[in-house]
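Visitor: My questions will all concern the structure given below.
Computed from the coordinates by the stated procedures, all read-outs in this text should not be read as laboratory data. This is a predicted model, so every value here is computed, not measured. Quick reminder, even Gly has a Cβ in these numbers, built from the backbone with ideal geometry, and neighbours come from all protein chains shown.
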Amino acid sequence: MQVTDISGRSVLPRVRKTRAILAVLAMTAPRPVPRAQFIALLWSRREPQHAKASLRQALHDLQTELGPLAAPLLDIDRAQVALRDDCIEVDLRTADGTRPEQSEDPSRLLEDLGGIDPAFDQWLATERIALGRRARADAETALRTADSPVRMAAAAEALLAIDRSHEAAWQALMRARIDQGDKAAALSVFEQCRIALAEAGGRTPSPQTIALLAQARVENEPQPAPPEKIEPPGFPVSLRRSSSRLRIGVAPLRALPGNLAVELAAALAEELTGALARFRWLACVPVTSLAALFGERWTKESLWRELSLDFLVDGTVQQYGEKIRVMTRLLDLRSAGEVVWAARFDRTITEILDLQDEIASGAVAQLESKLLMWEGERVAALSHGSRTAHELLHASIPHLFRLDRSGFQTAGENLEQALRLDPDNPRILAWLAQWYLFAIGQGWAGDVARATRRAHELTSAAVDLAPDDARALTLAGHVRGFIEQRPDEALELHERAIAANPNLPMAWCRSAFAHSYSGNHEEALRRAARARSLSPDDPLGFVYEGSLAVPQFLRGDYEAAVQSGSRAIALNPGFSSSYKTQLAALGHLGRHQQAAEMRARLLTLEPRFSLSQAMERSPIRRPEDRARYADGLRLGGLN
């Protein structure tokens with residue numbers, strides 16, 4: 001979900017339920033939405049009085065986020081809320097509204113808002129079905145009425161973006177390529193069709209599709225032998241596909257007018273490649289190789305087919321006086337170049353090296369977190385038959401981000417199975433360790449001692465196998481600091497993680513916790529802020545907010561801790577650690593009614609949580625910090 005004003009500036013609310021309110025309003029505009037409907041959708045499990053208070057706060061937050069735009073856009077009264085549609089543009093609506101002529105996957109409608117409430121999930125599923133039916137019907141009409149090979153190909157690709165298993169669309173695309181005289185492309189389309197049908201329940205191409213294949217082969221007249229291909233500079237042998245690493249390339253960025261734009265475009269492509277290479281689960285193709293290929297007018301399909309690239313990063317650089325704008329995109333080459341992620345960076349021209357480092361750091365940090373979710377949901381959507389270790393791993397990651405109890409349990413089972421299939425894979429070891437860390441922190445580990453030993457064993461093995469993998473190093477550090485309560489030992493591992501990959505937000509976040517546990521709260525705040533700035537819309541943003549709340553609380557800034565804790569809870573209401581710091585801060589502030597509500601929500605998540613258990617599990621080292629935490633929980637009503 002993206003929300004921008006007329007200048008292109010993002011006004012997207014940070015809290016997911018506030019986003020959901022804006023999304024519902026946009027999809028129903030200009031019709032008003034009753035307040036009771038919002039409560040039923042977003043606070044279905046809350047007491048009525050608490051739900052009403054939460055809605056009031058969310059509407060206040062929405063007005064604050066929109067700023068001066070709120071007055072002309074929103075109509076709010078005691079019974080209902082409406083969004084005026086005479087000065088807004090909405091990219092996607094349900095069948096009750098309108099839909100622009102662009103291909104979007106309806107199943108991805110508001111994908112970043114899943115899991116905030118069961119009732120909202122059900123509503124969202126219904127809306128996606130309605131949108132999917134409308135989009136499919138529109139695309140099929142466009143395909144039937146296409147009057148040229150070019151339009152037929154465009155309509156077929158649009159329909160395939162909605163339904164990859166639509167064989168009639170594959171047939172139309174093959175026919176269009178044949179009519180255009182590109183028989184090689186028609187053969188490539190057949191191969192993609194065959195794979196898509198196989199993934200959709202093991203189907204095989206129909207006789208009509210086979211007949212088109214024969215036509216492409218017969219009409220594919222012999223061509224002169226191509227000249228021997230010269231290996232582009234820097235094109236390594238390791239470009240052959242690996243089953244355990246996603247392959248990603250960075251295309252030369254396109255510079256629009258401006259002398260500095262030309263210089264920055266060339267440097268940024270190299271900087272992005274180097275930054276992405278630090279994520280050890282990605283296999284990065286050198287820019288020099290792609291530059292040679294793009295110079296030969298290679299298409300995205302060629303990159304996917306000839307180089308086995310899964311993803312491509314491209315973009316533009318523009319200069320306007322003293323301002324620089326960099327637009328970057330991540331494209332999934334396996335699905336006709338579908339845009340997975342896009343970001344814009346507006347900066348004032350400063351020292352060129354600092355500028356390219358700042359933009360590249362922010363871009364790859366956001367890109368990696370989005371890519372983890374994208375790949376996980378893609379794999380999870382495939383058939384639930386026999387999966388590789390790689391597929392089991394990726395299908396589990398979104399559940400670890402969301403922390404829904406049933407999905408989390410399934411993720412643990414999948415990760416254990418993946419480890420049995422590939423016992424020496426450091427990525428699987430690290431993510432399974434993360435599963436145990438969350439299980440312990442959430443109070444879901446039946447045998448805490450065993451879970452602690454398992455987390456230690458897994459992270460130690462991951463670091464031994466991949467001593468330069470930042471995620472394994474920072475997870476090992478968190479096991480030492482949080483679980484084993486040895487934060488001073490954890491700091492060294494976190495420093496190694498940051499040195500290995502300074503663009504991994506979780507390394508900064510985990511190190512912030514370790515510094516705070518040791519009593520260095522100012523440094524903890526600096527590192528927590530760095531994690532948030534690297535990836536402001538991260539699926540683990542609730543953990544980053546927690547890494548701010550803890551040092552804010554321990555240095556006595558209770559109001560700031562409450563604000564950070566509120567953001568963490570809004571981003572993921574199922575993460576129990578957020579409630580603990582929040583309860584202690586409210587206790588010190590003397591807000592007894594809010595503390596009682598927070599305590600009730602905490603005990604719903606962890607029914608056996610108590611003051612003695614809190615202090616036994618707490619890794620906080622300094623006596624004065626421990627006393628502050630214990631007093632806050634006690635004042636908050638925890639026994």
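Visitor: Within a Cβ distance under 12 Å of R532, other residues only, what is the Lys/Arg minus Asp/Glu net charge?
Guide: Working: positive: R14, R526, R527, R530, R567; negative: D537, D538, E545.
Spelling it out: positives minus negatives among the neighbours equals +2.
Visitor: Per DSSP helix of 4 or more residues, -39500 (n - 2.57); summed, then divided by the residues of the chain. What does that give at 222 nm, rounded to the nearest 500? Numbers along the way, then the final one.
Guide: Values: 27 runs with 385 residues, N = 639.
It lands at -19500 deg cm²/dmol.
Visitor: In region 358-434, if every C-alpha pair distance is counted and binned at 5 Å from zero, what percent goes to each bin?
Guide: For region 358-434, the pair-distance distribution reads 3, 16, 25, 24, 17, 8, 5, 2, 0.
Visitor: In the chain, with Lys and Arg counted as +1 and Asp and Glu as -1 at Cβ, which of these residues, A360, A40, A600, has the Cα nearest the positive end of the dipole, that is, farthest along it?
Guide: Projecting each Cα onto the dipole axis, the largest value belongs to A600.
Visitor: With charges set only on the Cβ (+1 for Lys and Arg, -1 for Asp and Glu), what does the dipole of the chain come to about its Cα centre, in debye to the nearest 20?
Guide: Charge dipole, the chain, about its Cα centre: 1580 debye, nearest 20.
Visitor: Dipole of the chain (Lys/Arg Cβ +1, Asp/Glu Cβ -1, origin at the Cα centre): which of V339, F279, T18 lies farthest to the positive side?
Guide: T18
Visitor: Another question about this same structure. On the first, second and third principal axes, largest extent first, how far apart are the outermost C-alpha atoms of region 106-201 in Å?
Guide: If we take the Cα atoms of region 106-201, the spans are 52, 28, 20 Å.
Visitor: Using alpha carbon centroids, what distance separates region 509-551 and region 1-63, in Å?
Guide: 27
Visitor: How many angstrom separate the Cα center of region 340-367 from the Cα center of region 139-194?
Guide: 37
Visitor: To one decimal place, what orientation-averaged projected area in nm² is obtained for the convex hull of the Cα set of the chain? Walk me through the numbers before you get to the answer.
Guide: On the way: hull surface 121.4 nm².
So the Cα hull casts an average projection of 30.3 nm².
Visitor: Hey, could you grab the Kirkwood Rh for region 481-553? Inverse mean 1/r over distinct alpha carbon pairs, Å, one decimal.
Guide: 11.7
Visitor: I've got another one for you. Principal axes first, then extents: for the Cα atoms of region 531-583, list largest minus smallest coordinate on each axis, whole Å, largest first.
Guide: In descending order, the Cα extents are 27, 23, 13 Å.
Visitor: Right, here's the next one. Please name whichever of I349, A512, T328 sits farthest to the positive end of the charge dipole of the chain, dipole taken about the Cα centre and charges placed at Cβ: Lys and Arg +1, Asp and Glu -1.
Guide: Result: A512.
Visitor: A follow-up question, please. In which sequence would I210, I440 go, from the one with the fewest C-beta neighbours within 10 Å to the one with the most? Don't skip to the answer; put the middle values down first.
Guide: On the way: I210 12, I440 19.
Fewest-to-most ranking of I210, I440: I210, I440.
Visitor: By count of other Cβ within 10 Å, fewest leading, how are M327, M174 ordered?
Guide: Exposure proxy ranking, most exposed first: M327, M174.
Visitor: With axes computed from alpha carbons, what is the tilt in degrees of helix 487-500 against the longest principal axis of the chain, rounded to the nearest 10 within 0 to 90?
Guide: With rounding to tens, the tilt is 20 degrees.
Visitor: With all distinct Cα pairs included, what does the Kirkwood hydrodynamic radius of region 509-639 come out to in Å, to one decimal, could you say? Working shown, then result.
Guide: Working: mean 1/r = 0.0700 Å⁻¹.
For region 509-639, inverting the mean 1/r across all distinct Cα pairs yields 14.3 Å.
Visitor: For region 347-352, just list the computed ³J(HN,Hα) in residue order, Karplus coefficients 6.51, -1.76 and 1.60, θ = phi - 60°, integers in Hz, with x standing in for Gly and Pro.
Guide: So the Karplus estimates, Gly and Pro as x, are 9, 8, 5, 10, 5, 4 Hz.
Visitor: Most exposed first by the Cβ proxy, i.e. fewest other Cβ within 10 Å, how do W374, W435 rank?
Guide: On the way: W374 21, W435 27.
Ranking W374, W435 by Cβ neighbours within 10 Å, fewest first, gives W374, W435.
Visitor: Using only the alpha-carbon atoms of region 382-502, report the extent along each of the three principal axes, biggest first, to the nearest angstrom.
Guide: 44, 29, 22
Visitor: Given N residues in region 146-219, what is Rg(Cα) / (2.2 N^0.38 Å)? Walk me through the numbers on the way to the answer.
Guide: Values: Rg = 11.3 Å, N = 74, 2.2 N^0.38 = 11.3 Å.
Output field value: 1.00.
Visitor: Mind ranking 612-619, 271-278 by how tightly packed they are, going by the mean number of other C-beta atoms within 10 angstrom, highest first?
Guide: 271-278, 612-619
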